[in-house]
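These notes are about the structure you will find just below.
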Amino acid sequence: MANPKYKTSHSKTRRRRANIHLELPAVTTCPSCKEPVLLHHVCPSCGQYKGKQILKLAEETNSEN
């Protein structure tokens, strides 16, 4: 197996790791309620996905009775 001939300096190590970082998630707005929503996820406030009602929320069931 190959072994390093010299010790990797701190600057080389840190330069290599400079691009390893967390990225913010992609967020868009829900077309029906204008709340922020993660891409490809059901809206947690209104329960819609691509214009269709997917989740029945507790607020809607209480208001119907």
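The values are calculated or read from the model by the stated rules, or taken from the named source; none is laboratory data. The structure presented is a predicted model; accordingly, all values stated were derived computationally and were not measured. Ideal geometry is used to build each Cβ from the backbone, glycine not excepted, and the neighbour counts take in all protein chains shown. The area values use the complete protein model at the heavy-atom level, side chains included, leaving out ligands, DNA and RNA. Shrake-Rupley method; radii C 1.70, N 1.55, O 1.52, S 1.80 Å.
For region 1-52, filtered to residues that are of a type in the set (Ser, Thr, Tyr) and outside any helix (DSSP H, G or I), the residue that is most open to solvent (accessible area, probe 1.4 Å) is 6. Taking first residues from region 5-21 that are hydrophobic (A, V, I, L, M, F, W, C) and partners that are surrounded by 10 or more Cβ atoms within 10 Å (Cβ to Cβ), no Cβ contact under 6 Å between residues at least 6 apart in sequence or on separate chains turns up.
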